[in-house]
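Below is one structure, written out as structure tokens; the observations come after it.
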Amino acid sequence: MDQTVVAAVTCAEPCGDCGAERECHGVQALVDGRLRWDTELDCAACGSRLTVCGGALPPERRAQLLAEHGATALRVTGPAASRVAVMRVLRAELGLDLAFARAMARQVLEGECSGTRPEMERLARALRVSGVAATATGP
Ligand SMILES: [Zn+2]
């Protein structure tokens with residue numbers, strides 16, 4: 001089985017119970033080919049704890065992940081990887097429409113596609129399953 005890949009951030013936000021600032025730990029993880037985002041909220045002031053599993057990754061947390069961990073690049077290393085094969089994987093994995101998948105496939109083939117480690121690892125694995133030599137490189 002493929003190894004789980006995680007990227008985590010810590011932030012602070014107002015507690016929903018008492019209004020004090022509480023800690024929030026967010027983890028984006030690649031588990032069995034799927035991305036998940038789990039958060040754990042911990043309030044030192046009132047002691048409330050909340051764990052939210054499987055939520056959507058908010059854009060500001062994704063930006064924080066990239067800022068703190070750096071962007072991971074997706075590289076296609078095989079000789080003359082077919083854009084059609086890459087597009088097919090992108091459409092299947094991300095549910096992109098044709099135009100968007102075509103634009104993103106171009107970025108992938110030119111080495112300009114980057115994102116969080118779990119996101120890029122997920123695409124690299126899916127590409128390899130389809131016979132395209134791909135790696136997620138960087139942080
Ligand atoms: Zn509280």
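The values are calculated or read from the model by the stated rules, or taken from the named source; none is laboratory data. Keep in mind the model is a prediction, meaning the values are calculated, not measured. Every residue, glycine among them, receives a Cβ derived from its backbone with ideal geometry; neighbour counts consider all protein chains shown. For the accessible areas, the whole protein counts, side chains as well, though only heavy atoms, and no ligand, DNA or RNA atoms are used. Shrake-Rupley method; radii C 1.70, N 1.55, O 1.52, S 1.80 Å.
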note = Taking the range 23-48 and keeping residues within 17 Å of Leu123 (Cβ to Cβ) and among the charged types (D, E, K, R) leaves Asp32, Arg34, Arg36
key: Cross-chain or 6+ apart pairs with Cβ under 6 Å, the range 78-101 first and farther than 18 Å from Ser114 by Cα, then open to solvent by 60 Å² or more (accessible area, probe 1.4 Å)   = Ala85/Ser130
request  = Assess whether Pro14 counts as being at pLDDT below 95 and within 28 Å of Thr137 (Cβ to Cβ).
outcome  = no
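Within the range 55-69, does at least one residue satisfy the condition of being free of Cβ contacts under 8 Å to residues at least 24 places away in the same chain, within 20 Å of Gln3 (Cβ to Cβ), in a strand (DSSP E or B) and not assigned by TED's automatic domain parsing to the domain that holds Arg122?
The answer is no; no qualifying residue exists.
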request  = Within the range 13-38, work out how many residues are within 27 Å of Ala92 (Cα to Cα) and part of a strand (DSSP E or B).
outcome  = 11
key: Residue under evaluation Val84, criteria (1) away from the ligand (no atom under 16 Å from the Cβ); (2) not assigned by TED's automatic domain parsing to the domain that holds Gly131, criterion not met   = (2)
note = Per the filter on the range 70-96, residues assigned to a loop (DSSP other than H, G, I, E, B), touching a Ser or Thr at 6+ places or on another chain (Cβ under 8 Å) and closer than 30 Å to Thr10 by Cβ are Ala71
note = Matching residues in the range 9-48 (closer than 13 Å to Arg117 by Cβ and either near the ligand (Cβ under 8 Å from one of its atoms) or in contact (Cβ under 8 Å) with a residue 24 or more places away in the chain (or both)) number 5
